[in-house]
Amino acid sequence: QVPVYGRGFFCNDLEIGDDWSCGPSHHYKGRCDLKNYVFPKRTYFEASHMGPSFTHADYCPLIVSDTTDCDNVNAKSSHAIEFFGPDSKCIDVTTKKKKSSACVKSSCNPDTQSFDFEVGGSIYS
């Protein structure tokens with residue numbers, strides 16, 4: 001289990017299926033870099049065969065696999081609500097009761113001091 005202080009930075013989902021998550025900067029989406037290995041170099045998991053391939057974070061898995069930059073206008077959408085461009089950020093979403101993430105058009109609202117994002121022409125805070 002990822003400790004409360006590490007949520008949003010580290011992950012513990014095996015890199016299988018279609019589970020997308022936001023990277024800590026919310027500039028990209030990707031998958032958790034936690035994999036099954038025969039002989040991992042180091043692990044923090046009870047199952048000794050699990051570990052990340054990205055080792056520069058002290059062997060803690062991060063969202064660094066299969067990344068898609070939200071500002072890449074040529075990126076392929078995985079959700080109908082997605083928008084890619086210089087004003088896009090990644091947000092966590094739930095679609096059909098499944099956890100995922102999507103890149104959406106967004107901005108900082110100085111009047112309400114909130115993060116606003118646009119989906120289907122409507123603005124949400």
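Data table
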read-out: Residue within the range 70-86 that is under 13 Å from residue 23 (Cα atoms) and surrounded by 14 or more Cβ atoms within 10 Å (Cβ to Cβ) present; value: yes
read-out: Qualifying residue in the range 42-57 (condition: assigned to a strand (DSSP E or B), in contact with a strand residue (DSSP E or B) (Cβ under 8 Å, 6 or more places away or on another chain), of a type in the set (Lys, Arg) and open to solvent by 80 Å² or more (accessible area, probe 1.4 Å)); value: no
read-out: Any chance residue 105 is among the basic types (Lys, Arg) and closer than 26 Å to residue 12 by Cβ; value: no
read-out: Which listed residue, of 71, 116, is over 14 Å from the mean Cα position of the chain (by Cα), more than 18 Å from residue 7 (Cα to Cα) and in a loop (DSSP other than H, G, I, E, B); value: 71
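The values are calculated or read from the model by the stated rules, or taken from the named source; none is laboratory data. Predicted model only: the values in this text are computed from it and were never measured. For neighbour counting, all protein chains shown are included, and Cβ atoms are generated from backbone atoms with ideal geometry for every residue, glycine included. Only protein heavy atoms, including side chains, enter the accessible area calculation; ligands, DNA and RNA are left aside. Shrake-Rupley method; radii C 1.70, N 1.55, O 1.52, S 1.80 Å.
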